[in-house]
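Chemist: Below: one structure in structure tokens.
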Amino acid sequence: MTFAGFSKDILLIDFESTGFTRDTETNDVIDPGDPTQLGAVLLDRKTLAEKHHFLSDIQADPARLDAWVLEHTDITAERVKNAPSSKQVARDFIEAFGTDVYLASWNVSFDRAWLDAFLRALHRRETMYDYHHIDVWTLAYTYLCEQGHPEVVRSEETFRLFGQDARGAHNALDDCRRTAEVLRAIINREPLTP
């Protein structure tokens with residue numbers, strides 16, 4: 001079956017943060033930290049080719065950056081201290097893409113919650129974006145299960161099975177582009193890398 005396309009372009013978003021705080025007994029996230037970076041890639045509704053992209057650091061308290069973030073991302077204390085405010089980043093983001101898109105993300109509930117907080121800070125309604133979302137992790141996990149890999153749940157291993165090289169430092173734009181590659185591979189029913 002040939003992919004006929006979506007009814008709207010797909011806007012993949014990804015936030016990086018100062019780091020998660022987890023409950024030591026349950027491992028539940030009790031504090032997701034503060035956003036430090038927003039990346040986005042706009043995909044054509046029919047071809048899934050990249051049409052436009054966006055990347056901005058977001059001002060945050062450098063003292064909240066945890067060791068994992070400093071080691072595994074390209075975020076630095078100096079960058080978050082001098083970055084644009086979340087309101088400015090939200091304005092730039094909306095100006096860059098508008099709102100007539102389907103939002104997508106590797107973990108859409110996480111990224112959409114922060115996007116909604118940005119919109120509220122601008123006194124904009126969360127409903128300005130279509131409430132239908134594409135959660136690429138869910139699609140990828142379903143595809144991996146079909147292919148006999150139900151144990152693979154983390155992004156790094158998933159990206160590898162979809163033929164991608166190991167990530168260097170995490171970056172919101174790179175993560176969006178990696179997620180776009182996975183989405184294209186699933187839609188095109190591409191075989192996994194052994």
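The values are calculated or read from the model by the stated rules, or taken from the named source; none is laboratory data. Nothing here was measured: the structure is a model prediction, and the numbers come from that model. Here the Cβ positions follow ideal geometry from the backbone for every residue, glycine too, while neighbour counts run over all protein chains shown. Just so you know, the surface numbers come from the protein's heavy atoms only, side chains and all, with ligands and any DNA or RNA stripped out. Shrake-Rupley method; radii C 1.70, N 1.55, O 1.52, S 1.80 Å.
Chemist: Output the residue which, of all residues in region 65-105 that are touching a helix residue (DSSP H, G or I) at 6+ places or on another chain (Cβ under 7 Å) and open to solvent by 80 Å² or more (accessible area, probe 1.4 Å), is nearest to ARG124 (Cα to Cα).
Modeler: Step by step, filter region 65-105, then rank; the result is LYS87.
Chemist: May I pose another question? Whether any residue in region 125-135 is without any contact (Cβ under 8 Å) to a residue 40 or more places away in the chain, over 20 Å from ASP57 (Cβ atoms), of a type in the set (S, T, N, Q) and in contact with a helix residue (DSSP H, G or I) (Cβ under 8 Å, 6 or more places away or on another chain) is what I want to check.
Modeler: Checked against the condition, which is being without any contact (Cβ under 8 Å) to a residue 40 or more places away in the chain, over 20 Å from ASP57 (Cβ atoms), of a type in the set (S, T, N, Q) and in contact with a helix residue (DSSP H, G or I) (Cβ under 8 Å, 6 or more places away or on another chain), region 125-135 yields no hits at all.
Chemist: Would you check which residues across region 116-147 are among the charged types (D, E, K, R), in a loop (DSSP other than H, G, I, E, B) and either surrounded by 12 or more Cβ atoms within 10 Å (Cβ to Cβ) or modelled with pLDDT of 95 or more (or both) and list them?
Modeler: ARG124, ASP130
Chemist: Among the numbered criteria (1) touching an Asp or Glu at 6+ places or on another chain (Cβ under 6 Å); (2) at pLDDT 95 or above, which one does GLY19 miss?
Modeler: The single condition GLY19 does not satisfy is (2).
Chemist: Within region 78-124, how many residues turn out to be in contact (Cβ under 8 Å) with a residue 40 or more places away in the chain and either polar (S, T, N, Q) or over 25 Å from ASP61 (Cα atoms) (or both)?
Modeler: Summing the residues that are in contact (Cβ under 8 Å) with a residue 40 or more places away in the chain and either polar (S, T, N, Q) or over 25 Å from ASP61 (Cα atoms) (or both) in region 78-124 gives 10.
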